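The values are calculated or read from the model by the stated rules, or taken from the named source; none is laboratory data. Predicted, not measured: the structure shown is a model, and the values here were computed from it. With ideal geometry, Cβ positions are generated from the backbone for all residues, glycine too; neighbour counts draw on all protein chains shown.
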Amino acid sequence: MKKIIFASIIVSMAFSLGFSQPGKELKVFISVDMEGITGVVNSEEVSRTGKDYDMFRRLMTLETSAAIEGAVEAGATHIVVRDGHGTARNILPELLDPRALLMRDWSGGPMSMMEGIDETFDAVIFIGYHAKAGVPNATLEHTKSGSAITDVTINGVSLPEAGINALIAGHFGVPVVFASGDRALCDQVIGLFADIETVAVKEGLGKAALNHHPEVAGQKIREGVKTSLQNINKYKPYKMQSPYSLVLTLKIEELVYNGAHYPGAERTGDWELTYKNNDLMEVIKALFWMYKM
């Protein structure tokens, strides 16, 4: 009986170590937004011209570093951080955990918040993410552009940015294993992906939010990332069946008119554009350009 118990303990320990076993590589991609960082409740706090921006970019960097720490504790051997908010020049390089590479600024291509992802990665982590446009009790909720877009659906599923970016990761066969942000964001990604580790660093009430202390938020993120990566085999890439049908609902007539001129796009309602393609990355490219023309 003692031998059986001992063997069970050894098996359990080996499973919990996951990719931290010597000789195994674990490559992690971390996409970071700012609206879902603890303490953030107002658009001024995530804008370079806001007087409290410097404080919140520091907290953004610390939450990202907490995720890096958790990833390393789980055995990550290669980590890429993609600054995915606003100018993409928010995370403070000198304050970021040095065990990760940092991608700053935009290339101008359609991969946007997922620039740098490819099939060589094992897992994706979202830090500081927010809910989609129109969700009640969500902090600074929007989808891609708060001033231009009401909704984005692909194959009939209304998606937050987390869903769009998860589809990009899924295109390369990479699962999203962890997400942090407000409670509304966490509820959305659980509804979309089912198997995902989440940490709600705050909970909205109208425009207000009840926030964790930054140190508590960081600890929860570190532990959540570590747990998710130690159980990486339970997560599946987020995918949809081809052909793909994108429906983009906009707020401005000029954008609807201009977007309808994107090759393959069709105006299908007063504020609605539809684009169909068998290639997901062509759909992502269309989404990138159709509301900016």
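In the stretch 268-289, the residue that is surrounded by the most Cβ atoms within 10 Å (Cβ to Cβ) out of those that are more than 30 Å from Val177 (Cβ to Cβ) and in contact with a strand residue (DSSP E or B) (Cβ under 6 Å, 6 or more places away or on another chain) is Leu273. Annotation note: of Val176, Val157, Val199, the sole residue that is touching a Phe, Trp or Tyr at 6+ places or on another chain (Cβ under 7 Å) and either at negative phi or outside the structural domain of Leu280 (by TED's automatic domain parsing) (or both) is Val176.
Please verify whether Thr139 is hydroxyl-bearing (Ser, Thr, Tyr), buried (at least 21 other Cβ atoms within 10 Å of the Cβ) and assigned to a loop (DSSP other than H, G, I, E, B), treating the condition exactly as stated.
On the way: hydroxyl-bearing (Ser, Thr, Tyr): yes; buried (at least 21 other Cβ atoms within 10 Å of the Cβ): yes; assigned to a loop (DSSP other than H, G, I, E, B): yes.
When the stated conditions are applied, Thr139 passes them.
Within 30 Å of Ala74 (Cα to Cα) and basic (Lys, Arg), is that true of Lys234? For Lys234, the condition - within 30 Å of Ala74 (Cα to Cα) and basic (Lys, Arg) - is met. Residues of the stretch 239-293 that are part of a loop (DSSP other than H, G, I, E, B) and either among the basic types (Lys, Arg) or under 30 Å from Ile196 (Cα atoms) (or both): Lys239, Met240, Gln241, Ser242, Pro243, Lys251, Asn278, Asp279, Lys292.
Total residues in the stretch 205-238 satisfying the condition of being farther than 14 Å from Gly128 by Cα and outside any helix (DSSP H, G or I): the figure is 12.
Of these, Leu248, Leu210, Leu205, which one is modelled with pLDDT of 95 or more and either under 15 Å from the mean Cα position of the chain (by Cα) or crowded, with 18+ Cβ neighbours inside 10 Å (or both)? Explain how you work it out, then say what you get.
On the way: Leu210 fails: either under 15 Å from the mean Cα position of the chain (by Cα) or crowded, with 18+ Cβ neighbours inside 10 Å (or both); Leu205 fails: either under 15 Å from the mean Cα position of the chain (by Cα) or crowded, with 18+ Cβ neighbours inside 10 Å (or both).
So the residue among Leu248, Leu210, Leu205 that is modelled with pLDDT of 95 or more and either under 15 Å from the mean Cα position of the chain (by Cα) or crowded, with 18+ Cβ neighbours inside 10 Å (or both) is Leu248.
Once the stretch 76-130 is narrowed to residues that are in contact with a Ser or Thr (Cβ under 8 Å, 6 or more places away or on another chain) and acidic (Asp, Glu), the residue that is surrounded by the fewest Cβ atoms within 10 Å (Cβ to Cβ) is Asp105. If you go through the stretch 145-165 and keep only what is out of contact with any Lys or Arg (no Cβ under 9 Å at 6 or more places or on another chain) and closer than 24 Å to Gln230 by Cβ, you end up with just Asn165.
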